[in-house]
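Notes follow once the structure below has been shown.
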Amino acid sequence: MLARMKAELISSDRAEQLKDLKPYLTCRVLGQDHVIPRVASVLYRGELGLTPSKRPRGSFLFLGPTGVGKTELAIEFTRFLFGDEHLFRFDMSEYQTQASLGVLLGGRLGETGLLAKPLEKFKVGTLLFDEIEKAHPRVLDILLQILDAARVTMASGETLDLGGFYIVLTSNLGSAEILNLQHSTFATMERHVLTRAFQSLRPEFYARITEKLVFNRLTFDVQLHVAAMLLDQELARLRTRGLDLTFDATVLPFLLREGFHPRLGARPLRDAIQKHVGDACTEALLAGSFVGRGALTVNDGGLMIV
């Protein structure tokens, strides 16, 4: 009855907006089309009020190599549903000791822990816990409480209600299998990674996650599309500075060689694009040869503007 009442309260405008969720994510997180429908399914249920009471709106374990879109997907669905400011990110490499519990929960009476910060601003959003395998076991106990009952008790004695939030856990567990089993089917790699995650995380923790999803390595064609998307974003930013640039067919393969890493994926690509495009602009501006418009091309191992 409660779920039905919540579903009836959603506005027609919000329902219409949700229809665009899946296409939106597909356009922005490339090469992971097998993941997006399952993520969207959880998000639809969360937004329509169909999730069980006293649980988070939805929870995800995103598995796979670095730089394939795990964090980006959390960022993009939060941006679509709520806005950028509703994403709260916790790097679990900073919570590897028992002492780090005080950072999350508050160390002394009257000291606010970081887990309370999201609720100081919003009642809805996403809590993103990156590299969950690095967290101290006591920190995982706290996350287990959140996954189980959407509640956590702070050092002050205050109990936080996180029922309006999505929980996203990312992990590189099993990523070596994906990179090494290059001639295996994705189903085989997925099975290896999920088995590794199940063996590494406590069963009661693993069981409480709504969706466990394995991200695939990016194919060359997808890498090119990612490079094009990031380059378009950089050129759009430069246009706001009065620099109107296009690029020829030599540019994307060059940027891909410079910025894509077999183990880091597309993560270094944005920095490589900013560096090489920035260097080309710097050289042209200092030489006085750039009058606001031009085309990027590859020359002598770098980019130049013609």
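FYI, it's all coordinate maths here, none of it is from the lab. Small disclaimer: the values here were computed from a predicted structure and weren't measured. So basically every Cβ, Gly included, is an ideal-geometry build from the backbone, and we count neighbours across all protein chains shown.
Laid out as a table, the results:
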| item | result |
| --- | --- |
| Computed Kirkwood radius, in angstrom, where 1/r is averaged over Cα pairs of segment 220-305 | 13.0 |
| Degrees between helix 137-149 axis and first principal axis of the chain (Cα, 0 to 90, nearest 10) | 70 |
| K275 paired with A176, simple spin-label distance in nm, labels 7 Å along Cα-to-beta-carbon | 2.8 |
| Most positive-pole-ward Cα, L201, T188, V251, against dipole of the chain from beta carbon charges | L201 |
| Cα-projected label distance for T282 with D141, points at 7 Å along beta-carbon direction, nm | 5.1 |
| Pairs from K54/K212; K134/K275; K22/K123; K212/K275 whose Cα-Cα separation, in the structure shown, is over 27 Å | K134/K275; K212/K275 |
| Length released on extending from I10 to Q96, taking residue separation times 0.36 nm less the Cα-Cα span | 26.9 nm |
| Listed residues V298, G107, T26: farthest to the positive end of the dipole of the chain (Cβ charges) | G107 |
| Rounded tilt (10° steps) of 186-200 against the dominant C-alpha axis of the chain | 50 |
| Cβ-placed point charges (K, R +1; D, E -1), dipole of the chain about Cα centre in debye, nearest 20 | 800 |
| Of every Cα-Cα pair in the chain, the percent that sits beyond 31 Å | 41 |
| Alpha-carbon Debye profile of segment 61-217, log10 I(q)/I(0) at 0.13, 0.15 Å⁻¹ | -0.62, -0.81 |
